[in-house]
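Okay, so here's the structure we're looking at.
The values are calculated or read from the model by the stated rules, or taken from the named source; none is laboratory data. Everything numeric in this text was worked out from a predicted model, so none of it was measured. A quick note on method: Cβ atoms are made from the backbone with ideal geometry, for glycine too, and the neighbour counts reach across all protein chains shown. For the accessible areas, the whole protein counts, side chains as well, though only heavy atoms, and no ligand, DNA or RNA atoms are used. Shrake-Rupley method; radii C 1.70, N 1.55, O 1.52, S 1.80 Å.
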Amino acid sequence: MMCRQCEQTQDHYACTTVGVCGKTAETSAMQDTLMHAVKSVSLWANAAREAGATEEELHAANVWTIRAVFSTLTNVNFSEDRIAEYIQQGMAIKRDLEKLSTPETKPVGSVAEMDLLGKSFEELEEFGHTVGIPKRQEAMGDDDCFSLNEIATYGAKGACAYAAHCYQMGKMDPAIMKDIHQVFSKLASDVPDMDGLLANVLKVGDINGRVLAMLDDAHATTFGNPEPTPVKMTATEGKAILVSGHDLVDLEALLKQTEGTGVNVYTHGEMLPAHSYPGLKKYKHLVGNYGTAWQNQKFEFALFPGPIIVTTNCVLEPRRAYRERLYTMNEVGVDGVAHIGEDRDFSKVIEQAQSMKGFTRTVEPPVYHTVGFNHRAVLPLANQVIEAAKSGALSRIVLIGGCDGSQFDRNYFTELAEELPDDSLILTLGCAKNRIIRSPKLMGATLSNGMPRLLDMGQCNDSYSAVVVATELSKALGCTVNDLPLSLALSHLEQKAAAVLLTLLNLGVKNIRLGPSLPAYVTPNVLNVLVNNYNLMPTTNAQDDVKSIMAGH
Ligand code: SF4
Ligand code: SF3
């Protein structure tokens, strides 16, 4: 196996025997086959479009693409069976697409011609070894071009995951799907076309920006505009179900089904911002948040006194202590763990919650954390922010966003937040916030004008908020985003963060700090391009980086 798609990869090189995430070599090979199938389906989807196929005819291919790709993200699907199922579905879809294309639009080459329909499990896995990183890199014959191919692949994975979230709310943009299929078609080629591959990387950034805008709109349309809301971070006596992941639609379905059952619902990890949506917080039994970020779930889930539902990333191979009360949904999969289907029938989960003790006492005094500083809530404060900056009450805005993880050096981001002067404003996004919001130094901190210093903008899915705020502030101040008193520090781990980074780069945003280490798939030459064109900076240490940030760098 060779997988290096995430930041926590072994020795910052690649996972070669078993994933640091727990992915086996067998599942990794199966995922390599699946990604090859995605490229094949993409080639045929392009051909069908060129031949005049309607969006209705392409619908199955569109939905399959985003879901199949989402299943290959870090910490999403460890089930080889489920990955094999996606491959078979893809191969059947490919055959349908072949019928929609014409001899003139028909793609050629081994990726287009791959056909694994009906192949055995072993054959599917075996095929993966022939299309893994080493083979493809060798075929391309140019490490820098292959690095660009990988950057676009991982960014496109993140964009597909966000598109899958949109689709949960019934939103899908045919123009975006066309672009996604074009990106994967380009990635199917092993021609070392440096300029074309670089353009493909930026195209992924553009696509992801559009997907994030659609997701932001879909959330607000479905659940109302997020608003600052204090969330109880401590337990309430009673039966309980915990929901993790990013998918608000699943949470809503659970809230509807648990209403009146006496079972309380808690959010975990990236579900925390759910409390800020009027359409969700209206449920009184959505009582609070439990736990921290994904990497602590083996301890936190074991101690939770009720069943746990993981709607999307991140899931870890469960301990025996909670395996029987863990449920996956959507693209998430772990062998031997119950999976809730598309009907979102939670009756078994509710039954199990009712049979368990739940929390036996309410923690007093309760602790609260305020969420909901989406761009819709922050922009009305823009004048206050600008006034504060002009009067000297606000020295700098620092956005700290992205993923959390188990490595100790991820404390860098908390230290960075703590080291920043008291007159700076900190915006957070993604599960990286989980360490920061518990910092005694930052809890409840305010600027001299009374504004909270820590504004929680939401999930990584809400990254569009940061783009809107930066763009609107730059308009109000008559400068570019790069001239704002704004610094960005991105804590990356998985492919959604890679997609957000590409979106920022595509928008021309410079001076981003990236850590805790650089991706293993970026070669020194490609890194030079990113440094020269975007002044992308690896994180160093919090003290030095704060000095540099406060000096405007
Ligand atoms: Fe390793 Fe990350 Fe790949 Fe898992 S997803 S196998 S941790 S590189
Ligand atoms: Fe976190 Fe998995 Fe990336 Fe949504 S939940 S940010 S790591």
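Search region 165-200 for residues being in a helix (DSSP H, G or I) and of a type in the set (Lys, Arg), and hand back the single one that is surrounded by the most Cβ atoms within 10 Å (Cβ to Cβ).
Just the residues of region 165-200 that are in a helix (DSSP H, G or I), to begin with: 165-168, 174-187, 194-200.
Remaining after also requiring of a type in the set (Lys, Arg): 178, 186.
Working: Lys178: 17, Lys186: 21.
The qualifying residue surrounded by the most Cβ atoms within 10 Å (Cβ to Cβ) is Lys186.
Against the condition surrounded by fewer than 24 Cβ atoms within 10 Å (Cβ to Cβ) and either free of Cβ contacts under 8 Å to residues at least 12 places away in the same chain or part of a strand (DSSP E or B) (or both), how does Ser548 come out, does it pass?
yes
When the residues of region 255-283 are filtered to those that are of a type in the set (Gly, Ala, Ser) and buried (at least 24 other Cβ atoms within 10 Å of the Cβ), which remaining residue is nearest to the chain's Cα centre (by Cα)?
Gly269
Do we have Val468 as touching a residue at least 60 places away in the same chain (Cβ under 8 Å) and open to solvent by 10 Å² or more (accessible area, probe 1.4 Å) here? First the steps, then the outcome.
On the way: touching a residue at least 60 places away in the same chain (Cβ under 8 Å): yes; open to solvent by 10 Å² or more (accessible area, probe 1.4 Å): yes.
For Val468, the condition - touching a residue at least 60 places away in the same chain (Cβ under 8 Å) and open to solvent by 10 Å² or more (accessible area, probe 1.4 Å) - is met.
Identify all residues within region 468-501 that are aliphatic (A, V, I, L, M) and either under 16 Å from Ile386 (Cα atoms) or away from ligand 2 (no atom under 16 Å from the Cβ) (or both); write none if there are none. So that I can check it myself, show each step before the final result.
Taking region 468-501 and keeping what is aliphatic (A, V, I, L, M), we get 468-470, 473, 476-477, 481, 484, 486, 488-490, 493, 497-501.
Within region 468-501, Val468, Val469, Ala470, Leu473, Ala476, Leu477, Val481, Leu484, Leu486 qualify.
Only one of Leu518, Leu536 is closer than 22 Å to Val469 by Cβ and open to solvent by less than 70 Å² (accessible area, probe 1.4 Å); which?
Leu536
So which pairs qualify, if the first residue must be in region 34-61 and aromatic (Phe, Trp, Tyr), the second must be not in a helix (DSSP H, G or I), the Cβ gap must be under 8 Å, and the two must be at least 6 apart or on different chains?
Trp44/Ser101; Trp44/Pro107
Determine which single condition Val38 fails, assuming it passes every other condition in (1) closer than 30 Å to Asp179 by Cα; (2) within 10 Å of ligand 1 (Cβ to nearest atom).
(2)
Hey, could you check region 420-439 for residues that are among the basic types (Lys, Arg) and over 17 Å from the mean Cα position of the chain (by Cα) and say which is least open to solvent (accessible area, probe 1.4 Å)? Walk me through how you get there before you give the answer.
Taking region 420-439 as the starting set, the residues that turn out to be among the basic types (Lys, Arg) are 433, 435, 438.
Checking the rest, the ones that are also over 17 Å from the mean Cα position of the chain (by Cα) come to 435, 438.
On the way: Arg435: 53, Arg438: 89 Å².
Once the filter is applied, the top-ranked residue is Arg435.
What residue, among those in region 239-254 that are open to solvent by 10 Å² or more (accessible area, probe 1.4 Å) and not acidic (Asp, Glu), is farthest from ligand 1 (Cβ to nearest atom)?
If we take residues in region 239-254 being open to solvent by 10 Å² or more (accessible area, probe 1.4 Å) and not acidic (Asp, Glu), then Lys239 is farthest from ligand 1 (Cβ to nearest atom).
Can you find, within region 1-35, the residue that is modelled with the highest pLDDT among those that are more than 7 Å from ligand 1 (Cβ to nearest atom), in a helix (DSSP H, G or I) and more than 16 Å from Arg82 (Cβ to Cβ)?
Pass one, region 1-35, residues more than 7 Å from ligand 1 (Cβ to nearest atom): 1-2, 7, 11-13, 16-18, 22, 24-27, 29-35.
Restricting the remaining residues to those that are in a helix (DSSP H, G or I) gives 11-12, 25-27, 29-35.
Checking which are more than 16 Å from Arg82 (Cβ to Cβ) leaves us with 11-12, 25.
Numbers: Asp11: 95, His12: 94, Ala25: 98.
Per the stated criteria, the residue is Ala25.
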